[in-house]
Amino acid sequence: MDYLTGDDFLEGLPLLIAGPVLRRTEPTAITVWVGLKRPCRVTLQVLETQEQGQQLGKILLEGQRHTTAIGKHLHVVAVTARSTEEASLVCDRIYAYDLQFIADQSYSLIQALRSQRVPTATVSYFSHQKPTFTLPPQRLDQLKIVHGSCRKPHGGGFDTLPLLDCLIETTSNKPQERPHQLFLTGDQVYGDDVADSLHWIATALGDTLLGWEEPLPVEHGTTRAPKQLPAGRRDKLATHKAGFTAGFDNKKEKVTSHFLSFGEYCALYLLERSPVCWPVDIPPGKEMTKGRRAIRRWDKERGHMQQFMHTLWKVRRALANVPTYTVFDDHDVSDDWNLNQEWCLRVLGRPLGRRAVQNALAAYGIFQAWGNTPWQFTSGQPGAQLLDAVERWSAAKGQDGKAADAIASHLGLPPIDPHTDLPEFSQEDDVWVLKRSAQSLTWHYTAYGPCHEVIVSDTRTMRGYPVHEEPDAPPMLLSPRAFEQQISAPLCQSSNPYANSISQDAPVTFMIASTNVLSMKVLDWIQAWQLKNGKVFSADVGDSWNLNDKALATLLTTLFEHRKTVIVLSGDIHFSSAVRLSHQDLASGKQSTLVQLVSSAIKNQELLTQVLHTRLKQWLLPEKPRQWLGWSMPPDMVEKSSHSRSIPPQWQCQTQWLRRQRSQSALIETDMFWLTPPQSTPALTKLVRRLQFWQARWFQEGSEAVGVNNIALVHFQTGNSQPVTVLQDNYWFSSWLPIEIMRSRFQTDLDT
């Protein structure tokens, strides 16, 4: 791959190869992440604006920081600007920010963005060419939160993250109307299910930017460089040497190009966020592989890659102009990551599996977590210690064992028992929890606005695995200590930085849950059957909250002990929906409400989810109201229809699926020049679409789910005498021609 290995490739890149990505924003601190091809001192300035964002004003916040050398040609930093004169940003204003880069010379933001390769790159909606943002508003009826999950470059359908750019562009000069926060709720990248063509690019790009090739421990005493483990031929290695389960049940095509190296995961983040490092064109299958089936697969995935590349400039601009918060799910590492105790023993007990998990989590820390919790990456904190260890390990070309051990410790990976070569666990009550260093990063956090709070949970690294059950038993997604740290403590000890501008409206509490709290009944049936037959990895048995009654009862009890209303934002399942849970304490009569709003997938629709999008699902298996009885001490719950306990219940709840309204044209983009024609679709999908009724709009108007690629905007309606209403607008591309952007709405009152 000459274009990625020669000096001409590096010379053709602009200084700024990824970003800027606007991350955490608060009245006195703004954080921006950037990826550069050389070391720099980066200065961030936040400026006021006039004339609805058109004119720049004085500097309000400022900060600078040196980059961290992730590789010879990859230097990363999340720089935070703070007030120097007790200035504080306010709501309902448009602010701009600017970046300067000092390397061999001084570069402005526009100079750092552009090169011969990208001569017209921009990340602004205004003539001054600066990115802009606004803080969350004081009024609940003006709050706009966008969320989504599951973005796989070669997944089916168009990428819908560019629709966020459309939403911002049409409201960029209206602080009350433009999106205020973006939450990406999991599977931002796919480290397991990788297209061969993407693997071909990422392996070479990672090695080039790092400036060295990682010695991967494929067996005890034997190492291989990433390029020695080529695309399309990693299935046996990933399954039997690394121990990954994504290829189980005749799904080896999911792991034939599984990422393993640190460079590959770093390259994946760059390629997902920016068009800069992509090739001008991807070679066709006949030039890259052999065999009719392999060539056909390559060309199909190549088409998706080229379509994905074509709209990345809009993704880059959007991420520069809205505060972005993230949390991982399993595919950010590998399918089934930490699903149950069996997975932990199988993967973390093998050198290659442990190294791949460490590489994926280190990349997540640098490319995502740094912006979520920038204070963890200041001097003396675990994040800063992680950056130092990664810098030393990379400088030693992967040969510094102490640095590698430090990376594992700061990431929270469990130590390995020297007698068994297996990961170590500690016991909390009646569950096992992976041991972690006191000096490790915490992945959960809380974000705020004047009228809302968002609790972002980590349900991957702090699970509780049942002590008295088999290793493949469904876990508690949060261990007892994790419940206290991630749910109870934030609800009891709010440290809202908007204290001086708190809204008169009752604040709304959001919880980010990567996997759904409430699921379709048919999915419960499938997972119960899979669990009974020992096939837990084929259907992610253990990722649903309601497969562990104790954990779900604990979650509901904890939330409603502190809040009357909670909105859960969730993803994971490749379709969007809305479910309302009404809860009643039988002793006091207190009533509470939980509303689960799901948005998935940003780009990963499948034939099954497209069926859910239609009326067929609601005709054959409609979602009906379900009722549960529950206990708080000890926590437990059971569906009312199967209740047989002699102890009277302490609370009860009912769930109801909300119906989506008839879809409408979104009217946010009329000129679709940026969208390339649809790529080829699977033969089975083509066959279904030939059926006369399939394309009919009336048939596509299913009421339970949005089953095509989508992204969601959450907002509210309030009134003096009216209950507060939460609305989720899902934006998606029509499945009929001509292609247009559609909007489907779910809504419900928050009052009980």
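The values are calculated or read from the model by the stated rules, or taken from the named source; none is laboratory data. Treat the numbers as computed from the prediction; the structure is a model and nothing was measured. Don't worry about glycine lacking a Cβ; one is built from the backbone with ideal geometry, like all the others, and counts go over all protein chains shown. Accessible surface is based on the protein model in full, side chains and every heavy atom, while ligands, DNA and RNA are left aside. Shrake-Rupley method; radii C 1.70, N 1.55, O 1.52, S 1.80 Å.
Cα convex hull, the range 389-546: 170 Å³ per residue, rounded to a whole number.
Could you check how much of the accessible area of the chain is carbon and sulfur, as a whole percent, using a 1.4 Å probe? So the carbon and sulfur contribution to the accessible surface is 49 percent.
The longest part of the chain holding none of the exposed loop chymotrypsin sites (Phe, Trp or Tyr not before Pro), meaning those outside H, G, I, E and B in DSSP with at most 15 other Cβ atoms within 10 Å, is 1-672. Placing R0 at 51 angstrom, the Cβ-Cβ distance between residue 294 and residue 662 gives a FRET efficiency of 0.70 after rounding to 0.05.
For the range 218-353, averaging the sequence separation of C-alpha pairs within contact (under 8 Å, six or more residues apart) and dividing by the residue count gives a relative contact order of 31 percent. Restricting the calculation to Cα atoms, the range 251-397 shows an Rg/Rh of 1.00 when the hydrodynamic-style radius is the Kirkwood one. Dividing the radius of gyration of the alpha carbons in the chain by their Kirkwood radius gives 0.94 for Rg/Rh. A Förster radius of 25 Å combined with the Cβ-Cβ distance from residue 397 to residue 41 puts the calculated FRET efficiency at roughly 0.45. For the range 460-593, the percent of C-alpha pairs falling in each 10 Å distance bin, counted from 0 to the bin holding the largest distance, reads 10, 37, 33, 15, 4, 0. By the compact-protein rule of thumb, 2.2 N^0.38 Å, the alpha-carbon radius of gyration of the range 558-667 corresponds to a ratio of 1.30. Could you tell me what % of all Cα pairs in the range 79-151 have separations over 18 Å? Of all Cα-Cα pairs in the range 79-151, 61 percent lie more than 18 Å apart. Counted over the chain, the DSSP beta bridges are approximately 80% antiparallel. Under the criterion of Cα pairs below 8 Å and six or more residues apart, the relative contact order for the range 578-617 equals 31 percent.
In this simple spin-label approximation, residue 420 and residue 469 carry label points 7 Å from Cα along the Cα→Cβ vector, and these lie 1.9 nm apart.
Whole-percent P(r), the range 10-96, all Cα pairs, 10 Å bins from 0: 17, 43, 27, 12, 1. Would you tally the net charge around residue 79, using a Cβ to Cβ cut-off of less than 11 Å, leaving residue 79 out, and scoring K and R as +1, D and E as -1? Summing Lys and Arg as +1 and Asp and Glu as -1 gives +3. Given a 1.4 Å probe and the protein chains as shown, residue 305 ends up with an accessible area of around 0 Å². In terms of Cα atoms, the Rg and Dmax of the range 286-372 work out to 17.8, 46 Å. The accessible-area ordering, largest first, of the residues 253, 470 stands as 470, 253, per a 1.4 angstrom probe. Using alpha carbon centroids, what distance separates the range 247-321 and the range 370-438, in Å? Value for the Cα centre distance between the two parts: 30 Å.
Taking a sphere under 15 Å around the Cβ of residue 104 and counting the other residues whose Cβ falls inside, with K and R at +1 and D and E at -1, yields a net charge of +2.
For the chain, a simple Cβ point-charge model (Lys and Arg +1, Asp and Glu -1, everything else neutral) yields a dipole of about 1600 debye relative to the Cα centre. For the pair the range 524-582 / the range 122-168, the C-alpha centres are spaced 28 Å from each other.
Annotation for residue 88 and residue 28: the two label points, set 7 Å from Cα along the Cα-Cβ direction, are 0.8 nm apart. The length gained by stretching the chain between residue 251 and residue 105 to full extension, at 0.36 nm per residue less their Cα-Cα distance, is 47.5 nm. Normalising the average separation of contacting C-alpha pairs (under 8 angstrom, six or more residues apart) by the number of residues puts the relative contact order of the chain at 13 percent.
In this simple spin-label model, placing a label point 7 Å from the Cα along the Cα-to-Cβ direction at both residue 481 and residue 745 gives a separation of 4.7 nm. Per residue, the chain exposes an accessible area of 38 Å² to a 1.4 Å probe, with every protein chain left in place. Between residue 435 and residue 647, what is the FRET efficiency for a Förster distance of 22 Å, r being their Cβ-Cβ separation, to the nearest 0.05? For residue 435 and residue 647, the calculated efficiency is 0.05.
Residue ranking by accessible heavy-atom surface, 1.4 Å probe, largest first, among 660, 117 comes out as 117, 660. In plain terms, the chain from residue 561 to residue 281 could stretch by 95.2 nm, reckoned as 0.36 nm per residue minus the Cα-Cα distance.
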